[in-house]
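Chemist: Questions regarding the structure given below will be posed in turn.
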Amino acid sequence: MQKVFIVEDDKQIRDELVILLSRNKYEVITSTDFRTVVEDVLVAVPDIVLLDLNLPYVDGHVICRELRDRSDVGIIVVTSRNSDLDELMSMNLGADDFITKPYSPQILLARIASVLRRSDKVASTLLFSYEGLELDPAKSQVTYGEQSAELTKNEMRILQVLMQHAENIVSREEMQNELWQSDQFIDDNTLTVNVNRLRSTLARIGVKDYLHTKRGLGYYIKSAQADESADGDLVGIKDRLSENLAPNPNCHSREGGNPL
Amino acid sequence: MKLRDYMRSKAMAIFLFLLAEGIVALLLWVAGVDTGILFAAAAALLLLFLVATTWDYLVRRRFYSSLKTAIDIGKDSYYVTEHLERPIFVEGQLTYDALARATKDMNDRIAKYRAASDEYRVYVETWIHEVKTPIAASRLTIGNNESDITKLLSHELDRIEAHVEQALYYARSTTVEKDYSIKLVDLDLVVKGAVKKQSRMLIENGIMPHFDGLDIKVYTDPKWLDFIIGQIISNSIKYHLPLSEEHTPEIRFSAQTSDSGFESSKVVLHMADNGIGIPSTDVARVFEKGFTGVNGRSFAKSTGIGLYLCKTLSEKMKLKMSIESQTVEEAKEGSTQHGTTVTIEFPLNKMFFLD
């Protein structure tokens, strides 16, 4: 599990970040004593540090430089000042990325994933899987058992989003928005066409009854198997899956941006 | 100071001198003085008078001419006494002292207000950065607790954020010093980035963006341009014609390089929507601060700040911004497309920015 160290003085933001990152399978460490924060980080040996610049007692820039001098941990600077000067200064002090408040959770997660990937602390292939179906966004390929198929960029993105929200309904608008965010500015009709095409591609490799439409609400994925025991033991299924099928159960990272 | 004007202002003195000369001549003549001596005395008097007047004229001309030049050419007339020497004649000295006193008071007062307005601007900017922390916290809280209610709150947060951003750029637009940096940026990246920022509103209203020929680099400040395009998009959303059987709302972004000679080569970005359009009576005034027009009053609440800010920021960055529009009725008469097209021209000559 990747370790994230959060340096943030605003309690509400800190608490919510802990929830958000824990849910996305990160181990989260925080510190509230900003005088010893550099030492705390070094002792914890995280994979990445989320560093707020505006802190009591010490300037975030100073912490950033000290951390960089003594460790090569990934650093993402978070600040509410969005001037070029701030950005330049942070980058010069060795930060790997720079995010301005207010950011959306998706963007934050995407940036964390991308810094981790760049610092080569995560295997470069990011796989998604659900109920035996495996998606490799780098090759835009789906594999089910022995069979596999190529997906178009749109189809891949749709499947990826559904897998990230496995068993939950993703509304058409939300789906459209996700595609827009990766530069695919498709309209409502194209979405329907793409979903249908994805469904037939999946059927070709033997995945049936997988991608469902909830009229008026949106799309979701759920296997027949999961359906039967939906009220019972979802966790059990997931656990079983993770043992048998995928090296990476569920998803490791939610990407807001374009994964390629 | 013209000689004629001077003579006119000295008319009384000249008249009195001539009168005195006449009286002297008359007295000398009555006393039976020799005509030659009489003429010599009159000539001597006249000569002395002319010398005194000429000297007086020259001294005054020197001061008043430089005063007039200083007032005429300098656009900062409140520094006028800096360009002048204190004259040697008494009225000039009085004028000079009064001017010096008045301009000093004026400059003190300007400095005071400038400091106050700078302080206010700094406060507003600080406040804007402060308020971003609770907004960020709310965003995260909403993200962690997705529900129909938080979705609504998320919309409201979008609105708050839009207002906050507008306030930030308004504060920045009022600074005297330059606080932007012109870079060579990818037009495609900035335009699509701005569209993505408002993707939810666009999708909700079924407004489709189209992109054409944006693969061009332009000289601009990417953040400012992002803000400007964002304002245009948000206007297109506010004043769109709703989706129906025969109408699909859209925004078309297109760009061309127009290469009319080396000096004037430029990139032209068009942002065209097919919304309700602006009545021709209002079009000319939309860039005015506080102007809301018919649409602003009847469709969506308008502050009359958005386009004004766009224009101001564009001008600071040396971009030309213009707007054309046709309402549905106007378009019917001329059987053309209704909607609004905003055009931004980016000069491509680097030298343009180096002044």
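The values are calculated or read from the model by the stated rules, or taken from the named source; none is laboratory data. Since the structure is predicted, the reported quantities are computational estimates derived from the model, not experimental observations. With ideal geometry, Cβ positions are generated from the backbone for all residues, glycine too; neighbour counts draw on all protein chains shown. Side chains are part of the model used for accessible areas, which takes the heavy atoms of the whole protein and leaves out ligands, DNA and RNA. Shrake-Rupley method; radii C 1.70, N 1.55, O 1.52, S 1.80 Å.
Chemist: Quick check: anything in segment B:140-151 more than 13 Å from chain A (Cβ to nearest Cβ) and within 27 Å of residue A:173 (Cα to Cα)?
Modeler: Checked segment B:140-151: at least one residue is more than 13 Å from chain A (Cβ to nearest Cβ) and within 27 Å of residue A:173 (Cα to Cα).
Chemist: Then there's this: Looking at segment A:231-238, can you tell me whether even one residue there is more than 19 Å from the chain's Cα centre (by Cα), at pLDDT 90 or above, buried (at least 16 other Cβ atoms within 10 Å of the Cβ) and not charged (D, E, K, R)?
Modeler: no
Chemist: Residue A:107 - would you say it is at pLDDT 90 or above and under 28 Å from residue B:131 (Cα atoms)?
Modeler: no
Chemist: Also, I was wondering about something else. If you take the residues of segment A:65-88 that are open to solvent by 20 Å² or more (accessible area, probe 1.4 Å) and either within 14 Å of another protein chain (Cβ to nearest Cβ) or touching a Cys at 6+ places or on another chain (Cβ under 9 Å) (or both), which of them is modelled with the highest pLDDT?
Modeler: A:88
Chemist: Give the number of residues within segment B:115-139 that are over 28 Å from the mean Cα position of the chain (by Cα) and either more than 9 Å from chain A (Cβ to nearest Cβ) or over 16 Å from residue A:82 (Cβ atoms) (or both).
Modeler: Within segment B:115-139, residues that are over 28 Å from the mean Cα position of the chain (by Cα) and either more than 9 Å from chain A (Cβ to nearest Cβ) or over 16 Å from residue A:82 (Cβ atoms) (or both) number 3.
Chemist: OK, next. Going through segment B:264-317 one residue at a time, which ones are at pLDDT 90 or above, under 23 Å from residue B:182 (Cβ atoms), outside any helix (DSSP H, G or I) and of a type in the set (A, V, I, L, M, F, W, C)?
Modeler: B:267, B:268, B:269, B:271, B:287
Chemist: A follow-up question, please. Residue under question is residue A:98, and the condition is that it be at negative phi, open to solvent by less than 40 Å² (accessible area, probe 1.4 Å) and within 14 Å of chain B (Cβ to nearest Cβ); does it hold?
Modeler: yes
Chemist: Name the pairs whose Cβ atoms lie under 9 Å apart, with the first residue in segment A:139-153 and assigned to a strand (DSSP E or B), the second open to solvent by 60 Å² or more (accessible area, probe 1.4 Å) and of a type in the set (Asp, Glu), and 6 or more positions between them or separate chains?
Modeler: A:141/A:150; A:142/A:150
Chemist: Does residue B:203 meet the test of being more than 12 Å from chain A (Cβ to nearest Cβ) and surrounded by 15 or more Cβ atoms within 10 Å (Cβ to Cβ)?
Modeler: no
Chemist: Taking the criterion of being within 12 Å of chain A (Cβ to nearest Cβ) and hydroxyl-bearing (Ser, Thr, Tyr), would at least one residue in segment B:213-231 satisfy it?
Modeler: No.
Chemist: Condition first: part of a helix (DSSP H, G or I), open to solvent by less than 40 Å² (accessible area, probe 1.4 Å) and not β-branched (Val, Ile, Thr). Can you find one or more residues in segment B:40-54 that meet it?
Modeler: Yes, segment B:40-54 contains at least one residue that is part of a helix (DSSP H, G or I), open to solvent by less than 40 Å² (accessible area, probe 1.4 Å) and not β-branched (Val, Ile, Thr).
Chemist: Before we move on, is residue B:190 modelled with pLDDT of 90 or more and open to solvent by 10 Å² or more (accessible area, probe 1.4 Å)?
Modeler: yes
Chemist: Could you look through segment B:156-184, keep only residues that are open to solvent by 20 Å² or more (accessible area, probe 1.4 Å) and among the hydrophobic types (A, V, I, L, M, F, W, C), and pick out the one that is farthest from residue B:129 (Cα to Cα)?
Modeler: If we take residues in segment B:156-184 being open to solvent by 20 Å² or more (accessible area, probe 1.4 Å) and among the hydrophobic types (A, V, I, L, M, F, W, C), then B:184 is farthest from residue B:129 (Cα to Cα).
Chemist: Here's a follow-up. I need the full set of residues from segment A:167-198 which are outside any loop (DSSP other than H, G, I, E, B) and away from every other protein chain (no Cβ under 11 Å), in order please.
Modeler: A:170, A:192, A:193, A:194, A:195, A:196, A:197, A:198
Chemist: Now for a different question. Among the residues of segment A:13-52, which ones are within 16 Å of residue A:106 (Cβ to Cβ), surrounded by fewer than 18 Cβ atoms within 10 Å (Cβ to Cβ) and either of a type in the set (D, E, K, R) or away from every other protein chain (no Cβ under 12 Å) (or both)?
Modeler: A:23, A:25
Chemist: Also, quick follow-up: List the number of the failed condition for residue B:242; all other conditions in (1) within 14 Å of chain A (Cβ to nearest Cβ); (2) surrounded by fewer than 18 Cβ atoms within 10 Å (Cβ to Cβ); (3) more than 30 Å from the chain's Cα centre (by Cα); (4) closer than 22 Å to residue A:191 by Cα hold.
Modeler: (1)
Chemist: Tell me yes or no: at least one residue of segment B:26-38 is under 42 Å from the mean Cα position of the chain (by Cα) and open to solvent by 60 Å² or more (accessible area, probe 1.4 Å).
Modeler: Scanning segment B:26-38, I find no residue that is under 42 Å from the mean Cα position of the chain (by Cα) and open to solvent by 60 Å² or more (accessible area, probe 1.4 Å), so the answer is no.
Chemist: Just give me the residues in segment B:224-257 being over 21 Å from residue B:286 (Cα atoms) and free of Cβ contacts under 8 Å to residues at least 40 places away in the same chain, in sequence order.
Modeler: Of everything in segment B:224-257, those that are over 21 Å from residue B:286 (Cα atoms) and free of Cβ contacts under 8 Å to residues at least 40 places away in the same chain turn out to be B:242, B:243, B:244, B:245, B:246, B:247.
Chemist: Follow-up. Counting only residues that are closer than 14 Å to residue B:18 by Cα, free of Cβ contacts under 8 Å to residues at least 24 places away in the same chain and touching a helix residue (DSSP H, G or I) at 6+ places or on another chain (Cβ under 9 Å), how many does segment B:40-71 have?
Modeler: 2
Chemist: Now a separate question. Yes or no: residue B:273 under 21 Å from residue B:162 (Cα atoms) and either more than 26 Å from the chain's Cα centre (by Cα) or surrounded by fewer than 18 Cβ atoms within 10 Å (Cβ to Cβ) (or both)?
Modeler: Here the answer is yes, as residue B:273 does meet what is asked.
Chemist: Restricting attention to segment B:152-189, and to residues there that are assigned to a loop (DSSP other than H, G, I, E, B) and in contact (Cβ under 8 Å) with a residue 24 or more places away in the chain, which single residue is nearest to the other protein chains (Cβ to nearest Cβ)?
Modeler: So the residue we want is B:181.
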